[in-house]
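To keep things clear, I will list the structure first and then write my remarks on it.
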Amino acid sequence: MSTPAYEIVTIDETKKWLRVDGTAMDADIELALAGATASVYAYLKRPAPYSESDPAPANVVQAIVLLAGMFIRDPDIADAASWQAGYPPAPIVSILYPLRDPALS
């Protein structure tokens, strides 16, 4: 799934949450943010992307930033062996589970 035009979280917001100053890591953060956003959409199986008229709730924003931070802080994803296949890491699942449509699972 490609990342929609509407940005749920901007790079500047993500940098603030991750406590990153400057622009040296912008490309890495953009890649991590795109991957995290796509992963969240895939997990939620949401039929339509979030938009300005239907913005993402705070827990979706939190999950995207947290997952992007995991990608940035551990680019080799050393702890990926503990993740359940086909699912994001447990903290992300815990945040997003109430929003997932079980009928689409």
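Any residue at all in the range 78-89 that's surrounded by 16 or more Cβ atoms within 10 Å (Cβ to Cβ), over 8 Å from the mean Cα position of the chain (by Cα) and free of Cβ contacts under 8 Å to residues at least 40 places away in the same chain?
So far as the range 78-89 goes, yes, one or more of its residues are surrounded by 16 or more Cβ atoms within 10 Å (Cβ to Cβ), over 8 Å from the mean Cα position of the chain (by Cα) and free of Cβ contacts under 8 Å to residues at least 40 places away in the same chain.
If I filter the range 19-52 down to residues being over 13 Å from the mean Cα position of the chain (by Cα) and among the aliphatic types (A, V, I, L, M), which single residue comes out as farthest from Tyr87 (Cα to Cα)?
Among residues in the range 19-52 that are over 13 Å from the mean Cα position of the chain (by Cα) and among the aliphatic types (A, V, I, L, M), the one farthest from Tyr87 (Cα to Cα) is Ala24.
Here, each number is a calculation from the coordinates, and none is a lab measurement. Here the structure is a predicted model, which is why all the values come from computation and not from measurement. Virtual Cβ from ideal backbone geometry, glycine too; neighbours counted across all protein chains shown.
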